[in-house]
Structures are given as C-alpha cells and as structure tokens.
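Engineer: Have a look at this one before I ask anything.
Please treat every number below as a calculation from the coordinates, not as lab data. No experiment lies behind these values; they were computed from the predicted model shown. Every residue, glycine as well, gets a Cβ built from its backbone with ideal geometry; the counts of neighbours run over all protein chains shown.
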Amino acid sequence: MISRSDDQQPAHGTVARMAGGQAAGRTDRILDTTVQRRIYASVRASILDGTFPPGHRLIVAQLCDEYGSSQAPVREALRQLTDEGIISSLPYRGWAVRSFSWNEIAETYELREELEAWAVRRIKRREDTVDTSACRAALEQLSAAVAAKDGMAALEADLRFHEAVCELAGSALLVKTWHSVVMQFRGVRAFLSRKNPDDLSRLIPDHLTLLSALENGTAAEAEEEFRGHLTRALQKIKIVVSKVDGEQPAT
C-alpha cells in the first residue's frame with residue numbers, strides 16, 4: 001500500500017478553509033433561492049391583482065433596491081414569470097407585464113370555453129357520484145366577497161369555482177392547461193376590473209345555475225350552460241375594453 005508523505009498531506013487549516021468555503025457557497029445558494037422565491041411571489045401577486053398593469057416595466061435595478069437583493073435572484077424570478085407567460089422579455093430593455101390585444105383576449109376565452117366544455121363532458125361520463133364540495137366552497141367564498149363588495153376577492157373565488165370544475169374531470173393535463181391559459185390573462189382581467197368594477201349582483205345566481213347544471217343536468221345541458229356563461233363573460237369584457245381603450249375593439 002502506498003502512503004503519502006507528510007508534505008503530501010493537506011494541512012488541517014487548508015481542509016477547514018475548503019470545507020468552510022463550500023458550506024458558505026451552499027448557504028449563499030440557499031439564500032439566493034429563498035430571495036428569488038420571495039421576489040417571484042411578490043411580483044406575481046402584484047401582476048395578478050392588477051397593481052402592475054399591462055405594459056408596466058419591471059426594472060431590475062429598481063426591484064433590487066425594493067427587495068434588498070442582488071441582480072441574480074431578481075433576474076431568475078423574472079425569467080420564471082416569463083416562462084409562465086405573465087410577463088414578456090423586451091430585447092435590450094428588460095421585462096414588462098404582458099399586454100393582450102383584443103384578439104388574444106377573445107382567443108383566451110374561446111380556448112377556456114373548449115377546456116371547460118371538455119371538463120363537463122368528462123364529468124358527466126363518470127359513473128361514480130361526483131363530489132362538488134370544492135365548487136360549493138368556492139361559491140361560499142364568492143358569496144362572502146360579493147357581500148363585502150370586494151371585486152378582487154370575487155374574481156379569485158370565481159376562478160376557483162371554474163378550477164374546481166376542471167379538477168373534477170380527473171385530468172391533470174386539463175388542469176395544468178386551464179391554469180396556464182387563465183393565469184396569463186388573470187392580470188389583465190384584474191386590471192380591467194379595477195378600471196371598470198364588475199357588477200357583482202349576477203355572480204351568485206349565474207354560478208348556482210352552472211352548479212345545478214353540473215349536478216342535475218344532462219351532459220349537453222351542462223355544456224351549454226358553461227359555454228353560454230363564458231360567451232357572456234367575453235361580451236362583458238369587450239365592453240370594458242372598449243371603455244378603457246376609448247374605442248370599440250375590432251371584431
């Protein structure tokens with residue numbers, strides 16, 4: 001067996017410094033990840049609730065100052081939001097909250113209509129009893145938000161109801177796709193609600209009708225209710241967009 005001479009053995013101080021450096025590196029990476037998650041969650045929330053409107057510039061230096069962070073966690077958080085389609089990368093100019101054209105808004109609702117119609121058909125094909133308790137819980141949240149005249153909370157509960165319906169279809173791919181489509185437009189929807197508050201009076205009866213159709217109607221009846229609901233929602237958004245833009249959007 002070959003053994004090292006004493007001068008070949010690393011000094012204890014060197015080993016300690018190496019170990020300490022590795023530990024410090026791991027700690028820095030953990031801290032960066034924690035900061036990145038905090039920045040991501042905060043910026044995302046500001047976009048989804050309409051605080052950061054469509055087109056709002058996200059300046060790395062400003063975010064670093066606001067969160068007391070280096071650039072790396074900020075840039076990583078912005079890249080994650082870009083991957084989700086919530087913000088857009090601007091060549092040589094950084095990032096901005098994603099804006100939607102009228103055609104993109106219409107396509108979003110048309111795609112959502114097809115996804116929810118497919119969810120309803122899958123649910124109605126099930127032979128076991130469908131547990132709609134998550135839908136009813138969302139309706140309770142919606143009722144509380146309407147009573148409090150809290151438009152943002154009502155929007156959240158509204159989306160939760162439709163998400164719960166998609167979950168009942170038993171398709172993880174459906175839920176993932178629905179979530180991706182809806183979340184991209186969520187910030188714009190919240191912004192429009194801030195500019196022109198929704199009429200909350202119809203939310204409860206409209207969603208009770210959807211739930212009744214899901215629980216008691218035929219597949220065709222339930223699908224028709226959900227399609228009609230989303231078509232009417234898009235028509236209302238078109239009116240709001242025309243008010244915000246100062247002109248009727250192109251059809």
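Engineer: Given H placed 1.01 Å from N in the peptide plane, which residues other than close sequence neighbours of Leu58 have an amide H under 5 Å from its amide H?
Structural biologist: The list, which skips near neighbours in sequence, is Trp95, Ala96, Val97.
Engineer: Pop the C-beta distance of Ala219 and Lys176 into the FRET formula with R0 = 30 Å and round what comes out to the nearest 0.05.
Structural biologist: My answer for the efficiency is 0.80.
Engineer: Right, here's the next one. At a 10 Å Cβ-Cβ cut-off, how would you order Cys64, Cys135, fewest neighbours first?
Structural biologist: Ordered from fewest to most neighbouring Cβ atoms within 10 Å, Cys64, Cys135 come out as Cys64, Cys135.
Engineer: Hey, another quick one. Starting from the stretch 54-134, pick out the trypsin sites (Lys or Arg not before Pro) whose DSSP state is loop and whose Cβ has at most 12 other Cβ atoms within 10 Å.
Structural biologist: Those that pass, being in a loop and sparsely packed, are Arg93, Arg126.
Engineer: Could I ask something else about it? What value does the stretch 75-210 have for Rg/Rh, both radii from Cα atoms and Rh as Kirkwood defines it?
Structural biologist: That ratio equals 1.01.
Engineer: Moving to a separate point now. If Lys and Arg each add +1 and Asp and Glu each add -1, what is the summed charge of the other residues whose beta carbon sits under 13 Å from the beta carbon of Asn216?
Structural biologist: Local net charge: -2.
Engineer: Of Lys176/Lys236; Lys124/Lys149; Lys176/Lys238; Lys149/Lys243; Lys124/Lys176, which ones are farther than 29 Å apart at the Cα?
Structural biologist: Lys124/Lys149
Engineer: Which of the GluC sites (Glu not before Pro) across the stretch 83-152 are loop residues per DSSP, with 11 or fewer other Cβ within 10 Å?
Structural biologist: Here the sparse-neighbourhood loop sites are Glu127.
Engineer: A further question follows. Which stretch or stretches of the stretch 44-75 have amide N atoms under 18 Å from the point lying 7 Å from Thr34's Cα along the Cα→Cβ direction?
Structural biologist: Counting backbone N atoms under 18 Å from the label point, the list is 67-74.
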